[in-house]
Amino acid sequence: MARTRRPTMADVAAQAGVSVSTVSLAYSGAGPLTEETRAKVMAAAAELDYAGPSAQARALRSGRTGIVGVVVHERLVRSLRDPLQLRILDALVEDLGELGVGVLLLPSPAADDRDRSLVATAAMDAAVVLRVRDHDEPALEILRRRGIPAVAMEAPDGAVTAHVTIDDTAATAELVRRLRRLGHTRIATVTVPMTDDARTRLVDAEALPDPMWTAARHRLDAFTQTGVTPCAIVESEASNVEAGMQAGRLLLAHPSRPTAIVCHSDLLAGGVIVAAREAGLEVPRDLSVTGFDGLELPWLAPLQLTTQAQDGTAKGHAIAAAVRDVLSGGTPGEIRIELELREGTTIASPR
């Protein structure tokens with residue numbers, strides 16, 4: 001059976017009695033067209049069942065793909081289980097959609113295969129890097145080489161011209177100081193992943209893994225800032241409850257016998273509290289626990305986590321605004337999202 005030819009812009013122009021350029025202007029919304037002419041073009045298109053110019057044709061004419069790449073470092077299944085990441089992505093995708101821009105999720109390039117990664121080859125107008133290494137970030141290096149403007153989340157100073165950040169060092173330091181004021185001297189910490197192949201394990205404070213992710217570095221720097229040496233450090237394989245439970249078991253069996261644990265995320269803190277309950281310990285009577293992010297964890301009831309809350313939706317909106325700015329040739333620089341200390345019921349003076 002012969003395939004029916006799809007109508008073209010030239011067909012619409014002939015039907016409407018106008019030039020092809022007039023049809024193009026009618027669809028782009030640019031140029032001095034009267035409403036009468038625009039209506040005539042659209043009526044002709046409807047008669048011919050013309051769906052509009054193809055995305056490829058628009059891209060060729062404008063030099064734009066209409067796509068923003070979003071680089072996700074961890075497995076997507078983990079990102080989509082993290083309520084904070086979901087709020088960030090939801091606000092980002094919603095705002096970019098209103099700009100007429102689509103989102104392409106990209107895996108982080110492997111160190112030994114940078115030139116063949118999707119970050120190196122995918123067509124996009126700009127990119128968002130959701131998690132950034134403390135140094136030698138391959139995604140930013142590739143994007144810089146390709147001349148693609150990038151917006152990073154919580155990047156180290158000088159790594160990228162546009163980044164959305166939080167002062168997590170100061171916020172974590174505030175939690176550590178509160179624990180010290182309550183009388184805690186044996187304070188342990190559970191970090192977010194520090195390396196690409198992280199596994200939940202005890203690490204030596206004198207030999208921390210390298211390279212480290214910026215969030216892990218900043219939140220560990222808080223201990224240096226406060227003059228407190230953690231009595232034990234556990235690196236988690238992921239920011240989730242399961243890893244928090246494993247970390248909690250390791251710390252509760254540690255010879256330093258920590259009386260307080262500072263966790264780099266609320267999900268990790270929730271896991272530590274579950275591990276404490278398994279061990280017959282009561283929070284905060286036997287163990288104080290703090291989190292980071294400000295997630296709702298109703299399954300911890302009647303406990304309410306003491307944490308530093310960040311607004312994931314505001315973060316996503318800020319990233320989208322920075323993308324809009326760089327697409328217009330701007331240099332938004334640093335955009336800081338404020339954190340809020342949420343007093344809960346998971347810290348108290350040690351017994």
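The values are calculated or read from the model by the stated rules, or taken from the named source; none is laboratory data. This one's a predicted model, so the numbers in the text were calculated from it and none came from an experiment. Virtual Cβ from ideal backbone geometry, glycine too; neighbours counted across all protein chains shown. Only protein heavy atoms, including side chains, enter the accessible area calculation; ligands, DNA and RNA are left aside. Shrake-Rupley method; radii C 1.70, N 1.55, O 1.52, S 1.80 Å.
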| request: Go through the range 126-151 and give me each residue that's in a helix (DSSP H, G or I) and open to solvent by less than 40 Å² (accessible area, probe 1.4 Å). | output: 138, 139, 140, 142, 143
| task | Scan the range 227-239 residue by residue and report those that are among the hydrophobic types (A, V, I, L, M, F, W, C) and open to solvent by less than 30 Å² (accessible area, probe 1.4 Å). | result | 228, 232, 233, 234, 238
| Enumeration of residues in the range 330-351 that are polar (S, T, N, Q) and modelled with pLDDT of 95 or more | 345, 346, 349
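Taking the stated definitions as given, is residue 197 closer than 13 Å to residue 216 by Cα and not aliphatic (A, V, I, L, M)?
Working: closer than 13 Å to residue 216 by Cα: no; not aliphatic (A, V, I, L, M): yes.
Spelling it out, it is not the case that residue 197 is closer than 13 Å to residue 216 by Cα and not aliphatic (A, V, I, L, M).
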| note | Filtering the range 249-272 down to residues that are surrounded by fewer than 24 Cβ atoms within 10 Å (Cβ to Cβ) and more than 14 Å from residue 283 (Cβ to Cβ) yields 249, 250, 253, 254, 255, 256, 257
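Can you tell me which residue in the range 298-309 is nearest to residue 96 (Cα to Cα), limited to those that are surrounded by fewer than 21 Cβ atoms within 10 Å (Cβ to Cβ) and in contact (Cβ under 8 Å) with a residue 12 or more places away in the chain?
The extreme case among them is 309.
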| Residue list for the range 97-121, restricted to those being assigned to a loop (DSSP other than H, G, I, E, B) and open to solvent by 10 Å² or more (accessible area, probe 1.4 Å) | 99, 100, 101, 108, 110, 111, 112, 113, 117
| Failed item in (1) open to solvent by less than 70 Å² (accessible area, probe 1.4 Å); (2) within 30 Å of residue 285 (Cα to Cα), with residue 312 passing the rest | (2)
| Members of the range 201-221 found to be aliphatic (A, V, I, L, M), in contact with a strand residue (DSSP E or B) (Cβ under 7 Å, 6 or more places away or on another chain) and more than 19 Å from residue 176 (Cβ to Cβ), listed by number | 202
| If we keep just the residues of the range 174-214 that are over 20 Å from the mean Cα position of the chain (by Cα) and among the hydroxyl-bearing types (Ser, Thr, Tyr), which is farthest from residue 157 (Cα to Cα)? | 185
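Residue-by-condition table, conditions (1) under 15 Å from residue 235 (Cβ atoms); (2) among the polar types (S, T, N, Q):
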{"position": "249", "(1), (2)": "yes, no"}
{"position": "259", "(1), (2)": "no, yes"}
{"position": "263", "(1), (2)": "yes, no"}
{"position": "266", "(1), (2)": "no, no"}
{"position": "286", "(1), (2)": "no, no"}
{"position": "293", "(1), (2)": "no, no"}
{"position": "299", "(1), (2)": "no, no"}
| message | Being in a loop (DSSP other than H, G, I, E, B), touching a Leu at 6+ places or on another chain (Cβ under 6 Å) and at pLDDT below 80 narrows it down to one residue among 52, 31; which is it? | response | 31
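Matching residues to (1) closer than 21 Å to residue 72 by Cβ; (2) part of a loop (DSSP other than H, G, I, E, B); (3) open to solvent by 10 Å² or more (accessible area, probe 1.4 Å):
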{"residue": "196", "(1), (2), (3)": "yes, yes, yes"}
{"residue": "199", "(1), (2), (3)": "yes, yes, yes"}
{"residue": "206", "(1), (2), (3)": "no, yes, yes"}
{"residue": "217", "(1), (2), (3)": "yes, no, yes"}
{"residue": "225", "(1), (2), (3)": "no, no, yes"}
| field | Extreme residue, surrounded by the most Cβ atoms within 10 Å (Cβ to Cβ), among residues of the range 152-165 that are free of Cβ contacts under 8 Å to residues at least 40 places away in the same chain and more than 14 Å from the chain's Cα centre (by Cα) | value | 160
| request: Among the residues of the range 166-192, count how many are open to solvent by less than 10 Å² (accessible area, probe 1.4 Å) and either part of a helix (DSSP H, G or I) or closer than 15 Å to residue 234 by Cα (or both). | output: 12
